[in-house]
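For reference, the structure is listed below as structure tokens.
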Amino acid sequence: MASFLHNFLLFFCSLSLLILTSSATKSQTQVPIRPNKLVLKVQKDRATNLHVAQIHKRTPLVQFPFVIDLTGRFLSVNCENQYTSSTYKAPDCHSSQCARANSHTCRTCSSSKTRPGCHTNACGLLTTNPVTQQSALGELAEDVLKIPSTQGSSPGPMVTHPQFLFACAPSNILQKGLPKNVQGVAGLGHSPISLPYQLASHFGFPPKFAVCLTSSPGKNGAVFFGEGPYFMKPGIDVSRQLTYAPLTIGQQGEYYINVQSIKINNAMLPSIPKGGFGGAVISTTTPYTTLQTPIFRALNQLFMNQLRGVPRVKPVAPFGACFDANRIPTSKIGPTVPSIDLVLDNKKNIMWRIFGANAMIQPRPGVMCLAFVDGGMRPKAPIVIGTQQLEDNLLQFDLMNSRLGFSSSLLFRRTNCANFNFGTSSTSNDP
């Protein structure tokens, strides 16, 4: 009997140990996650003032820099620069991937040897350099893309999109005007295969993203994909207290807001067209806000009238109104100058207020200029809002509800776009 009890207890203990070991093994196994928010690290290039995101692609995984472009329809990649990946594929022409990319062109490479960007019977996509506007036909491709997840305050585990669609662009169009060593353009525009739409579709969160560009070269801004909160040090949720305005989509997937009028120190810009100035494009590849010539001249004149007592100096190209910087005091929100309001809804008093840090630029010592430039008589849009006016502002593009949320200067809230806590992201935890 004692022997039976001894054997039974030994069996029971062994079974319990096996169950506990199995449970521990399961608990240690990484459980796939479905993130509801992702984040990209973005830096300002000192030479071009463009903003560059770090994106992980290919197998084996490599990190590459890409210029972010709010008007871009997809990720364009220089595949001619030693693109090596065991997971690269070029979908056949007329495939479902081509249909999703709205590609109606078949492309055959003239080279006898296939390589990334050079396949027979592939889908063609028109790729464009957003600075020079030079275009050329590229190849639709798919490959692995990894991106850090986040809960809003710091990067979390890297997650994988195994079949991310992009365009292999000819290397000659991805050189002029772009920062050195960038491998392409990260399109954030309104398109089925732009980064916001592909990531939202694959990971199952609403098509919404937010851009927070830093004004400081060498520091990190952020692009968030998914709903807030987005926390900046010291623990400030910059997605709260946003002002919302309707967002309109252009024919090429660009984002417009309707500017009804412009005010400086509450003084209305004269000669406003009936119905307002119309659609203003938001651009991350235009360094300074560009205005149609009559608007540019009227803005400069009204600003000079409002900034009385500060001596003017000879304008520094491409700016039109420049001043003695030594006579302009500074504060936590930049140079102390009249604020500029882009009025988006007169009846509801919705306006995007531009303060000194975003309104002024110092092109040389002792000279400070109004950071708006002349776009000529027939620009693409009467107003193109450039990166100088976007930096240290949070812009949230809610594509499901067709609205733009904007914060105005975060400097007012004692933080800025370089204050996201980018640390070392955790190991992969893929869905």
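The values are calculated or read from the model by the stated rules, or taken from the named source; none is laboratory data. The structure displayed is predicted, hence computed values, not measured ones. Please note: Cβ atoms are built from the backbone with ideal geometry, for glycine as well, and neighbour counts cover all protein chains shown. These accessible areas exclude ligands, DNA and RNA; they are computed on the full protein's heavy atoms, side chains included. Shrake-Rupley method; radii C 1.70, N 1.55, O 1.52, S 1.80 Å.
Looking at region 77-118, which of its residues are on the phi < 0 side of the Ramachandran plot, of a type outside the set (A, V, I, L, M, F, W, C) and open to solvent by less than 50 Å² (accessible area, probe 1.4 Å)? Show your work before the answer.
So the first thing to find is which residues in region 77-118 are on the phi < 0 side of the Ramachandran plot, and the list is 77-81, 83-93, 95-101, 103-116, 118.
Add one more test, that the residue is of a type outside the set (A, V, I, L, M, F, W, C), and what stays is 78, 80-81, 83-89, 91-92, 95-97, 100, 103-105, 107-108, 110-116.
Listed by number, the residues that qualify are ASN78, TYR83, SER85, THR87, TYR88, PRO91, SER95, SER103, ARG107, PRO116.
Got a number for residues in region 393-417 being closer than 22 Å to LEU195 by Cα and either over 19 Å from the mean Cα position of the chain (by Cα) or open to solvent by 10 Å² or more (accessible area, probe 1.4 Å) (or both)?
Looking only at region 393-417, we keep the residues that are closer than 22 Å to LEU195 by Cα, and these are 393-406, 417.
In the following step, the residues that additionally are either over 19 Å from the mean Cα position of the chain (by Cα) or open to solvent by 10 Å² or more (accessible area, probe 1.4 Å) (or both) were identified as 399-403.
Final tally of qualifying residues: 5.
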Could you tell me whether region 209-219 includes any residue that is within 21 Å of SER76 (Cα to Cα), of a type outside the set (A, V, I, L, M) and modelled with pLDDT of 95 or more? yes
Residues of region 225-282 being outside any loop (DSSP other than H, G, I, E, B) and open to solvent by 70 Å² or more (accessible area, probe 1.4 Å), in sequence order, are TYR244, PRO246, THR248, MET268
All but one of (1) among the polar types (S, T, N, Q); (2) more than 16 Å from the chain's Cα centre (by Cα); (3) farther than 19 Å from VAL42 by Cβ; (4) not in a helix (DSSP H, G or I) hold for ASN172; which doesn't? (4)
Members of region 207-223 found to be more than 14 Å from LEU410 (Cβ to Cβ) and surrounded by 15 or more Cβ atoms within 10 Å (Cβ to Cβ), listed by number: PRO207, LYS208, PHE209, ASN220, VAL223
Can you tell me which residues in region 370-419 are within 25 Å of THR330 (Cα to Cα) and in a loop (DSSP other than H, G, I, E, B)? ALA371, GLY386, GLU391, ASP392, ARG414, THR415, ASN416, CYS417, ALA418, ASN419
Can you go through GLY356, GLY334, GLY309, GLY375 and tell me which one is in contact (Cβ under 8 Å) with a residue 24 or more places away in the chain and open to solvent by 20 Å² or more (accessible area, probe 1.4 Å)? GLY375
